[in-house]
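Working notes, structure below.
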């Protein structure tokens, strides 16, 4: 039997921060963001479609990740408001930039509103191309065709772009936006199957490599230390190879779609272990491994895999596999961790319907 892959240890402080964001009312408890949310909700964002959910889901999800990453007020507000003036990617104009900037300035302050305005009106695709190509000037500025972005703005845009992409990207968007940030014009009628929303909801196969490179860009000498480093990809010290990401996503999906032999789990376990070796930065493959290890009676391996999954979930604040929401992935991974700690795991399928977190179980609610 091959050795399991190396799993990340669970950081108790990061896990505790993530747990505080699991409740739906976390935003209402944020003294700096809470007053702004009703202004946005009044513009109907809870009814607008957006990728894997509604526009409200997206804005709140981006803000949640930025809160988890301990970003300052202006950056968290940018996450909550990052598309309200519309942009080249999203035709959802909730505030008219020609007439309503003063209203938003009155709600969030001039500095935060200016970040939002520039984020919505600058070329996001050109910004992404510049940063991913390493075209950051020695002083930390990024030069676009129509403006020069200051280092503080560049750092904020990188962090918010990382959170923005991870919150929304899945296979449907990957197919229709193939090649992002260089998006080819593909005829919908000729590729009708790719157009059918939401599709099979596969995880993305190429965008997390780009996110890792954005995180690495924050280590530029003129940008380093301007903002707290997001706790993903070892705080930007590691990058993910795009080919490895694609292979890992394919291996994971082969298990999810039951393309592996169903009589015994060895092939599925091997596929998931290889997926984790190729991409150790997302939690869902590790979480499935934890359950397979529990079924096989491998408690130590199950605990390591569950801790690794929870560490990844706690670092992102959003799901990689968007078939269910982040809080649901967190909840099941905690169930698996509890089973590994206590040694109790159902031997029958019907008993899976009854599992629940128990506050008296060691390690169930904290690392």
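The values are calculated or read from the model by the stated rules, or taken from the named source; none is laboratory data. Bear in mind the structure is a predicted one, so any value in this text is a computation, not a measurement. No Cβ is skipped: glycine too gets one built from the backbone with ideal geometry, and neighbour counts run over all protein chains shown.
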>> I'm told residue 116 meets every condition in (1) assigned to a loop (DSSP other than H, G, I, E, B); (2) over 21 Å from residue 220 (Cα atoms); (3) in contact with a strand residue (DSSP E or B) (Cβ under 9 Å, 6 or more places away or on another chain) except one. Can you identify the failing condition by its number?
In response: (1)
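Just checking: which of the helices (runs of 4 or more DSSP H) contained wholly in segment 139-223 hold 3 or more residues that are farther than 24 Å from residue 279 by Cα?
It comes to 151-168, 192-195.
Do we have any residue at all in segment 310-325 that's assigned by TED's automatic domain parsing to the domain that holds residue 51, out of contact with any helix residue (DSSP H, G or I) (no Cβ under 7 Å at 6 or more places or on another chain) and farther than 21 Å from residue 4 by Cα?
No, there is no match, as no residue in segment 310-325 is assigned by TED's automatic domain parsing to the domain that holds residue 51, out of contact with any helix residue (DSSP H, G or I) (no Cβ under 7 Å at 6 or more places or on another chain) and farther than 21 Å from residue 4 by Cα.
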>> Within segment 84-113, take every residue that is in contact with a strand residue (DSSP E or B) (Cβ under 7 Å, 6 or more places away or on another chain) and buried (at least 16 other Cβ atoms within 10 Å of the Cβ) and give me the one that is nearest to residue 182 (Cα to Cα).
In response: 86
> Mind checking whether some residue in segment 180-189 is crowded, with 16+ Cβ neighbours inside 10 Å and modelled with pLDDT under 95?
Replying inline: yes
